[in-house]
Amino acid sequence: MQRLLRPVDAAWLAAFRFLYGIALAISMWRLVEYGWVERFFVRPRFFFKYWGFEWVTPLSGPTMQALLWTLVALALCVALGFAYRVTVWAFSLGLIYIQLIDVSTYLNHYYLAGLLALLLAVSPAGRVWSVDEWLKRHFLRQQPARAELVSTAWLYLFRFQVGVVYVFAGLAKLQSDWLLHGQPLRIWLGASVDLPGLGALFSQTWAPLLLSWAGFLFDTTIVGFLLWPRTRPFAYVVVLVFHTMTRLLFPIGMFPVIMSISALMFFSPSWPRSLLARLRLGHWVPVKSAQPGASHPRWAGPLVALGALYCAVQLALPLRYLAYGGNVLWHEQGMRFSWRVMVRAKGGGTTFVVYSPRANRTFHVPPSDYLNRFQEAEMSSQPDLILQLARHIQRDFAARGYGQVEVRADSKVGLNGRRSVPMIDPTIDLTRVADGLARARYILPAPEQPPRHTRAVL
């Protein structure tokens, strides 16, 4: 306990707050600038819901636009530490809200951004190098109540969060598709053979397997190299090269930026001061050493216990797939919130077969009657989304006077280059399937044949 409560320089936390706020301001701006607010949150006629959050609905078009611009401003306030406690919580809740609107827009990097926002919200990140502290000193003539120190527990907690992402991303690659067949990299790199310089490499049959192993070794070892002071500078260069390459090759948004920023936490807590000193800007932030005698709040014990509980949850969520058995890349139960980054490529199509006993008629309903192209592509490979749309179709047909209908799914999906096979049991009426945390019996077993060495999903 004493080691966790030992004070360290808070400069690392202030630097992360600033870099995170700038990165998320850019991310929120991109949502508006690229028209994604309209595409993902305004135009869709139907939204897939997270279990337990069915009550979350999108705002109107102009209001959604205003919300995103507000999040841009709030992210900048977080970066500067202005009205920090208010702005960081407002930003955190707004970011989580837009993620809960539609399951089909789930991305690992937005999930990570949300977790980091919550950690910043409960941390003392606004205590150092913030507009709030500057205003207190220069206008209210107040001296800082506390030194620019934080407990080591905060450093460990943030490092743990970043480490969990890397380690579980690596463990997710510990499977035959990735390590023996180079899939799905073989599929994706086939679309990059025209890239200047590296295109010739990607066209080689051995390249996907080599890069798959490189990605596996990077994810599973980089945390250890970042923790070891002797290898830390070299490891961070590898981090920058790795995430730059992934950003150039794959459309994964701000994830490489967030991970590159977050990896700075593994350096000495005073690294920002050292950097500013080398840039001859140290007079702006004079070095303040940690004082062993610094006091700790009476509730330090319960706070450490809450931090331990948070860590336990972050370990349990990626491991929950073990309770379901089978291939998680196929049945998707335990897929989200588990840091399985880019380990599966699924493509296929789904048609719903609706039978109305009242009308004694059978209808073949394409998902495009309810979804846009992006939603349809996501739904066709994720069984729980297929189940949600089936229930929506049931309600729609009932509202149109067809009574209680039966809805079945004709769904064929190809996983990591395999031929498309049925994923949903076509004999099961999905309107009678209960959605929840239990093992989904309406999903057929995953194909056992190995993936083909192909550059396209057929």
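Quick notes on this one:
- The test for being out of contact with any Cys (no Cβ under 7 Å at 6 or more places or on another chain), modelled with pLDDT of 90 or more, in a loop (DSSP other than H, G, I, E, B) and loosely packed, with under 13 Cβ neighbours inside 10 Å does not hold for Gly334.
- Count of the range 84-94 residues, restricted to those that are surrounded by fewer than 22 Cβ atoms within 10 Å (Cβ to Cβ) and in contact (Cβ under 8 Å) with a residue 40 or more places away in the chain, is 1.
- For the range 337-353, filtered to residues that are among the aliphatic types (A, V, I, L, M) and part of a loop (DSSP other than H, G, I, E, B), the residue that is farthest from the chain's Cα centre (by Cα) is Ala345.
- Looking across Ala409, Ala390, one residue alone is small (Gly, Ala, Ser), surrounded by 20 or more Cβ atoms within 10 Å (Cβ to Cβ) and part of a helix (DSSP H, G or I). It is Ala390.
- For the range 426-437, the criterion of a residue being surrounded by 13 or more Cβ atoms within 10 Å (Cβ to Cβ), closer than 12 Å to Gly348 by Cβ and not charged (D, E, K, R) is satisfied by no position.
- Where Ser368 falls short, out of the listed (1) surrounded by 15 or more Cβ atoms within 10 Å (Cβ to Cβ); (2) over 22 Å from Arg432 (Cα atoms): (1)
- Enumerated helices (runs of 4 or more DSSP H) restricted to the range 58-151, each holding at least 3 residues that are hydroxyl-bearing (Ser, Thr, Tyr) and modelled with pLDDT of 90 or more: 84-100
- Here Leu240 clears all of (1) modelled with pLDDT of 85 or more; (2) assigned to a helix (DSSP H, G or I); (3) farther than 22 Å from Gly170 by Cβ except the condition numbered (3).
- Residue tally, condition under 21 Å from the mean Cα position of the chain (by Cα) and crowded, with 19+ Cβ neighbours inside 10 Å, over the range 39-48: 4
- Within the range 441-448, the presence of a residue that is more than 30 Å from Arg186 (Cβ to Cβ) and more than 29 Å from the chain's Cα centre (by Cα) is excluded.
- Scanning the range 201-237 for residues that are crowded, with 19+ Cβ neighbours inside 10 Å and not aliphatic (A, V, I, L, M) turns up Phe202, Pro208, Ser212, Gly215, Phe216, Phe218, Asp219.
- Flag if Tyr442 is in contact (Cβ under 8 Å) with a residue 40 or more places away in the chain and buried (at least 20 other Cβ atoms within 10 Å of the Cβ): yes
- The lone exception for Gly417 - which of (1) assigned to a loop (DSSP other than H, G, I, E, B); (2) surrounded by fewer than 16 Cβ atoms within 10 Å (Cβ to Cβ) it fails: (2)
- Given (1) at pLDDT 95 or above; (2) more than 25 Å from Ser411 (Cα to Cα); (3) surrounded by 15 or more Cβ atoms within 10 Å (Cβ to Cβ), number of the condition Ala316 does not satisfy: (3)
- Gly81 passes every criterion in (1) touching a Phe, Trp or Tyr at 6+ places or on another chain (Cβ under 8 Å); (2) surrounded by fewer than 19 Cβ atoms within 10 Å (Cβ to Cβ); (3) within 30 Å of Arg137 (Cβ to Cβ) apart from (2).
- Which listed residue is over 28 Å from Gln161 (Cα atoms) and part of a helix (DSSP H, G or I), from Phe363, Phe397: Phe397
- So Gly403, is it of a type in the set (Gly, Ala, Ser), over 21 Å from Ala440 (Cβ atoms), out of contact with any Gly (no Cβ under 7 Å at 6 or more places or on another chain) and surrounded by 15 or more Cβ atoms within 10 Å (Cβ to Cβ): no
- Residue in the range 423-434 that is farthest from the chain's Cα centre (by Cα), counting only those that are closer than 14 Å to His331 by Cβ and in contact (Cβ under 8 Å) with a residue 24 or more places away in the chain: Val433
The values are calculated or read from the model by the stated rules, or taken from the named source; none is laboratory data. On a predicted model such as this, the values are computed, not experimentally measured, just so you know. FYI the Cβ positions are ideal-geometry reconstructions off the backbone, even for glycines, and counts take in every protein chain you see.
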